[in-house]
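Peer 1: Please read through the structure below; I'll follow up with questions.
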C-alpha cells in the first residue's frame, strides 16, 4: 500500500486550504475531483499528481484509491457523497476520513463499523473543526467525571463561513434540531433552548443546534444525554425560530434553488482567518449532582479544520490508526487537540 493519500474535492474552499498546508509540510497528496479544469490547475500550481472522476465512476474511483493508503474526502454535501466514497474504501480496504459535520452522516458511518473492522481500515468522519475540538473537550470532561450522564457543549466561532458550509446549512433548513436523550438522538424544534454560556473571554447567549457532537460524543464518551449550543446574532436566532413554522417552505426545491444561488462563493481570506478564533465550553454532570466544567480556545475554524485533518492524516501515514468506525478523541485521546498549535484548555473550578 502506498504511503500517500488522496484528497477528493481538492478544488473546494477547504480542500484547497488543506492542499496548500499539506504541501508546506512536504506532503505530496494526489488531488482528485470531478471538475477537470480546476483540479488540474490546482495540481499544476503545487506540482502534484491529480485524477479526475465523479463518484459514480466506480472503476476510476477504486483505481485512484488503490494508489494510496487513505482518502481525505472534502467534497460535500456529505449526506450525498460520503456513502459511495466509503463503500469504495471498504471494497479497496483503504482508510476513510472526511470533514463533515452532519449528524446523519456520522450515524451512517457508525453503521459501517463491523465492515471496517473486517477490512482492517478506519472510518473517521468529522476530522475538522467539527468535531475534533469539541470531541476532545467531551472526552476530557468524561475523563474528569467518569460517572457523567449529561454533557453540554458550546462553541463560538469568530469568523466568516464558506460557500460549502452555507450550502449544507441551507439544505438542512426546516429539519429542526436534535439532542441526545437516554442514548437516542431525539428531534427537537429549531432553536429549542437558549442559555448563557461563559467562555471566559465573553459571556454570550447560546442556542441549541444539531451539531455533530450530538452523534459523535456518545460514541466517544457513552454519555447518554447531550446538547450542543452555538452563538448566533439576534437576527439569526429570530430567523431560526421562524423556520419552525416556514421551514417546510424554505425546503421546497424552487426556494432551495433560489437560496443556494444567492450564497456567496469562496470563504474567509487568509487575513480574516488569521484574525479569527474559536472558543469552546463544556460541562458534564452526573445523577448525584457532581459537575465538571472546562473551556478551550483555538485558531479560526477553517484553519483548525486544516490542522486537525492533516494531524490525523500524519498519524495514519505513521501507521497510527484504529480499525472500525472511530471518532477523533476515541482513537487518539482527549489531548489530540492540544497537539494543534494555538490551542489551550482550562478546567473551571
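Only the coordinates and a few stated rules stand behind these numbers; no lab work does. Remember, it's a predicted structure, so these values are computed and weren't measured experimentally. Note that we place each Cβ from the backbone using ideal geometry, even for glycine, and neighbour counts take in every protein chain shown.
Peer 1: If I compute Cα extents along the principal axes in Å from the structure I just sent, which labelled value in (1) 60, 42, 35; (2) 54, 45, 38; (3) 67, 40, 38 lines up?
Peer 2: Evaluating Cα extents along the principal axes in Å on these atoms matches (2).
Peer 1: Under the rule a/c < 1.5 gives rounded, and otherwise a/b versus b/c splits prolate from oblate, where does the stretch 43-137 land using the Cα gyration tensor? Don't jump to the answer; show the numbers that get you there.
Peer 2: Working: a/c = 1.71, a/b = 1.27, b/c = 1.35.
Here the stretch 43-137 falls in the oblate category.
Peer 1: Counting other beta carbons within 10 Å of each Cβ, put 151, 280, 158 in order, fewest first.
Peer 2: On the way: 151 27, 280 24, 158 15.
Arranged by neighbour count, lowest to highest, 151, 280, 158 become 158, 280, 151.
Peer 1: Could you work out how far the C-alpha centroid of the stretch 284-302 sits from that of the stretch 329-347, in angstrom?
Peer 2: Each part's Cα centre sits 13 Å from the other's.
Peer 1: What ranking, highest mean first, results for peptides 284-291, 224-231, 71-78 when packing means the other Cβ atoms within 10 Å averaged over each residue? Write out the running numbers ahead of the final one.
Peer 2: Numbers: 284-291: 14.1, 224-231: 21.4, 71-78: 25.4.
In descending order of packing, they fall as 71-78, 224-231, 284-291.
Peer 1: According to a simple spin-label model (label point 7 Å from Cα along Cα-to-Cβ), what is the distance in nm between residue 249 and residue 59?
Peer 2: Between residue 59 and residue 249, the simple spin-label model gives 5.0 nm.
Peer 1: In deg cm²/dmol, rounded to 500, what helix-only [θ] at 222 nm does the chain give when every DSSP H run of at least 4 residues adds -39500 (n - 2.57) and the total is split over its residues? It would help to have the intermediate numbers written out before the result.
Peer 2: Values: 14 runs with 147 residues, N = 349.
Roughly -12500 deg cm²/dmol at 222 nm, from the helical runs in the chain.
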